[in-house]
Amino acid sequence: MTSPALSLDMASLSLQGNAGAVEILHGISLDVPKGETMGLIGPSGSGKSSLLMLMGGLERATSGRIMALGQDITEMSEDQLARFRRDHMGVVFQSFHLIPTMTALENVATPLELAGKPDAMERALAELEAVGLGHRADHYPSQLSGGEQQRVALARALAPRPDILLADEPTGNLDSANGAAIIELLFSLQAERGATLVLVTHDPALAARCDRTLALRDGRIDTAFAAPETIAPETTAQEATA
């Protein structure tokens, strides 16, 4: 039996606040099969982004276990985690997190260079072309629109051909037209490459485009949530341009 891309077993997270420990996530257990797209929804403060950070090893679980591609990332050192993310994961944030002193091409090439790829620049340019920005390769982030910056961030996340793609509100800082375009790119490139996608969003209609929708409330899986019917991509695109 093939192991899932991600598997959480009673994973919990608490963070230290001014008044003591704050419980963020409580005993989350779930499996995400390889190649699946999963939407994470819930109200603000429900723990969506924190759960995504646990999946990516960007936050350490206080208790429980998290397996990624059959490996226990809760047992990895920081260096091991960094190498694992470099080789197997891509992350897209709401804030683009581009390096301002690097061109679009250099931003996309950075994870490839860190992985020791000899053709990093060629592959980076191909990724920029895949998101429609080959002609903007020599531009710096300050010279790009918000939509263009997010396309660069998406190209950077996908450049190493990750097995797992984690996206945290990737359209949160974009207008509706640019947001719709980014989502179309995200889903089309995910389908083309077969990556496992976990998408955090506040929009149930967007989450419904995923194979499965998981709702969080107060740091727990909301078992009472009923997912809306899946919306076809062409319907969503029409609504976005209406």
Practice task
Confirm whether residue 104 is at pLDDT 95 or above and under 15 Å from the mean Cα position of the chain (by Cα).
Solution key: no
Exercise for the section: Would you check if residue 79 is closer than 23 Å to residue 53 by Cβ, open to solvent by 10 Å² or more (accessible area, probe 1.4 Å) and charged (D, E, K, R)? Expected result: yes
Completion exercise
Residue pairs qualifying under the 8 Å Cβ cut-off, at least six apart or on distinct chains, with the first in region 73-100 being within 14 Å of residue 146 (Cβ to Cβ) and the second being β-branched (Val, Ile, Thr) and loosely packed, with under 14 Cβ neighbours inside 10 Å, are none
Handout entry: residue 141 at pLDDT below 95, in contact with a Pro (Cβ under 7 Å, 6 or more places away or on another chain) and on the phi < 0 side of the Ramachandran plot
Key = no
Completion exercise
Scanning region 185-202 for residues that are among the aliphatic types (A, V, I, L, M) and not in a helix (DSSP H, G or I), the one surrounded by the most Cβ atoms within 10 Å (Cβ to Cβ) turns out to be 199
Handout entry: The lone exception for residue 29 - which of (1) outside any loop (DSSP other than H, G, I, E, B); (2) farther than 22 Å from residue 3 by Cβ; (3) not charged (D, E, K, R) it fails
Key = (2)
Practice task
Output the residue which, of all residues in region 139-184 that are in a loop (DSSP other than H, G, I, E, B) and among the acidic types (Asp, Glu), is most open to solvent (accessible area, probe 1.4 Å).
Solution key: 175
Exercise for the section: Name every residue in region 196-211 that is of a type outside the set (Ser, Thr, Tyr) and at pLDDT below 95, in order of residue number. Expected result: 202, 203, 204, 205, 206, 207, 208, 209
Handout entry: Tabulated pairs, region 193-205, first farther than 19 Å from residue 6 by Cα, second open to solvent by 50 Å² or more (accessible area, probe 1.4 Å), C-beta under 9 angstrom, 6+ apart or interchain
Key = 202/43; 202/44; 204/227; 204/228; 205/228; 205/239
Exercise for the section: Quick one: which residue in 25, 58, 52 is among the hydrophobic types (A, V, I, L, M, F, W, C) and without any contact (Cβ under 8 Å) to a residue 40 or more places away in the chain? Expected result: 58
Handout entry: Set 22, 108: member being open to solvent by less than 20 Å² (accessible area, probe 1.4 Å) and either hydrophobic (A, V, I, L, M, F, W, C) or touching a strand residue (DSSP E or B) at 6+ places or on another chain (Cβ under 6 Å) (or both)
Key = 108
Practice task
Name the residue, out of 112, 125, 81, that is of a type outside the set (S, T, N, Q), more than 30 Å from residue 16 (Cα to Cα), in a helix (DSSP H, G or I) and touching a Gly at 6+ places or on another chain (Cβ under 8 Å).
Solution key: 125
Problem - Residues located in region 28-46, provided they are at pLDDT below 95 and closer than 22 Å to residue 60 by Cβ - result: 42, 45, 46
Practice task
Exactly one condition in (1) open to solvent by 30 Å² or more (accessible area, probe 1.4 Å); (2) over 17 Å from the mean Cα position of the chain (by Cα); (3) over 23 Å from residue 36 (Cα atoms) is not met by residue 205; state its number.
Solution key: (3)
Handout entry: Test set (1) surrounded by fewer than 19 Cβ atoms within 10 Å (Cβ to Cβ); (2) at pLDDT 95 or above - residue 234 fails condition number
Key = (2)
Practice task
Can you tell me which residue among 64, 35, 70, 42 is among the small types (Gly, Ala, Ser), in contact (Cβ under 8 Å) with a residue 12 or more places away in the chain and buried (at least 20 other Cβ atoms within 10 Å of the Cβ)?
Solution key: 42
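The values are calculated or read from the model by the stated rules, or taken from the named source; none is laboratory data. Treat the numbers as computed from the prediction; the structure is a model and nothing was measured. Reconstructed Cβ throughout: ideal geometry from the backbone, glycine too, with neighbour counts over all protein chains shown. With ligands, DNA and RNA removed, areas are computed over all heavy atoms of the protein, side chains included. Shrake-Rupley method; radii C 1.70, N 1.55, O 1.52, S 1.80 Å.
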